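Please read the structure below before turning to the comments.
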Amino acid sequence: MEFRKEIKSTEILSPLVQFESEVQLIEYREDPLTGSQSRINVARAERARQAQGGEVKVKEVIERTRAGCFFCPENIVQRTPKFSPKLFPEGRIKRGECLLFPNLYPFAEYHAVATLSERHFLELDEFTTEMLVDNIIASREYIVLVHQKDEEAKYPVWIWNHLPPSGASIVHPHVQIVVDRAPTPELGRLLGESEEYFRRHGRNYWRELIEVERETGERYIGENDSLAVIASYAPRGNREVQMIFKGVGNLADLDERQTRDFAAAIVKILHCYKGMGVNSFNLITYSAPLKQRPDHYWLSARIISRPLFQPVYTSDAGFMERFYDVWVIETLPEAVAREMRASF
Ligand SMILES: [Zn+2]
């Protein structure tokens, strides 16, 4: 596969900040499929963040936001919207602790929210496989329902922002589900480049990626029949881990076993994140459109850690990320994989 060759050709070590006796290495990496650029300097994790700090009052924020929370059991039925009877006569989808309902402030025509737990706050090691299974099954039901009513809505997204540094406005654990008519630009690139790779090489890029990463081992974390877990070579966020499904193209096609394995993998990664001192993250999916055969494209999910939720923190998204499409990273993917491998 070209992947290995491309890894070598893009791995440029730039030894070059000299200050007293310190030498820092900056590694330039490109995603082997899309060319997305990352720059890794692990020394940046140690840099001074002048404004950051203050007492850790996360517990206070949790207590303060619990009173009157829309997603807590005493309010959720009265204070969250319902789907129109045309889309879903029962108004909402309920499964286990999960309740799925329309987003009050949507940025898509089909944009839903689904809670993960009846508890207002959970530590990262308190989420269970069962909670996630219920949530993913309810989300899939919504995706299929939308597509049945509107065939053009066929690009499903399942995403989880956790705590304010990730962009979450509500502390209570929840995911969002969007079903769009067109892919987002990054998904469009992944689908297009995967198709092009298949046309040129007659092979599925994602299958090859798993094989190469398993063989080289540096970023490989673990796998089972459903999915492989790998630290991304060129991450778009710190501690980025991808879960690549085998032989499945889109979210609606996940069967019971694959859903359970997905949920279990997320629970393990969250346990590892907790051990690494992380409390905020984004988890996203890159799904092919519904009904597409998984010949050239396999469904994947990615998770990144975000700055620690504390009274004042320094954002990890600066001008390089917001305007130049370059991801400045302070965690080495190979070290992330090494740390997580034992849990898989
Ligand atoms: Zn709540």
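Nothing in this text is a laboratory measurement; each read-out follows from the coordinates by a stated rule. Every value quoted in this text rests on a predicted model; they were computed, and no experiment measured them. Virtual Cβ from ideal backbone geometry, glycine too; neighbours counted across all protein chains shown.
Across the stretch 201-218, rounded Karplus estimates of 3J(HN,Hα) from the backbone phi angles (6.51 cos²θ - 1.76 cosθ + 1.60, θ = phi - 60°) give 10, x, 9, 7, 4, 6, 4, 5, 4, 4, 4, 5, 5, 5, 5, 6, x, 4 Hz, Gly and Pro being marked x.
So for the stretch 58-341, averaging the separation of alpha carbon pairs under 8 Å that are six or more residues apart and normalising by length, what relative contact order in percent results?
Numbers: 527 pairs, mean separation 55.2, N = 284.
Contact order relative to length: 19 percent.
As a test of the formula, what do you get for the chain when each DSSP H run with n ≥ 4 contributes -39,500 (n - 2.57) and the sum is divided by the residue count, at 222 nm and rounded to the nearest 500 deg cm²/dmol? Intermediate values should be presented prior to the final figure.
Numbers: 9 runs with 109 residues, N = 344.
Result for the chain, helices only: -10000 deg cm²/dmol.
Positive contributions from Lys and Arg (+1) and negative ones from Asp and Glu (-1), summed over other residues with Cβ under 13 Å from the Cβ of Tyr155, come out at -3. Scalar couplings 3J(HN,Hα) for the stretch 223-239, obtained by applying the Karplus form with A = 6.51, B = -1.76, C = 1.60 to θ = phi - 60°, are 6, 9, 5, 8, 8, 10, 10, 9, 6, 5, 5, 10, x, 9, x, 5, 6 Hz; x denotes Gly and Pro. The residues packed around Arg341, meaning those with a beta-carbon under 13 Å from its beta-carbon, carry a net charge of -1 if Lys and Arg are +1 and Asp and Glu are -1. Between the stretch 260-319 and the stretch 82-104, the C-alpha centres lie 25 angstrom from each other. Scoring 123-133, 204-214 by mean Cβ neighbours within 10 Å over their residues and listing the highest first yields 204-214, 123-133.
A cut-off of 5 Å between modelled amide H atoms, ignoring neighbours fewer than 5 places along the same chain, links Tyr110 with Val179.
Note on Lys86: aspartates and glutamates with a C-alpha under 14 Å away, same-chain residues under 8 apart excluded, are Asp150. From most to least packed by mean Cβ count within 10 Å, the peptides 322-330, 246-254 give 246-254, 322-330.
Of the beta bridges DSSP finds with both residues in the chain, what % are antiparallel, to the nearest 5?
Values: 50 of 54 bridges.
Bridges in the chain are about 95 percent antiparallel.
A straight Cα-to-Cα reach below 23 Å connects Lys246 with the lysines Lys154, Lys268, Lys291, residues fewer than 8 places away in its own chain not being considered.
Ordering of 58-69, 262-273 by packing is 262-273, 58-69, highest average first (other Cβ atoms within 10 Å, averaged per residue).
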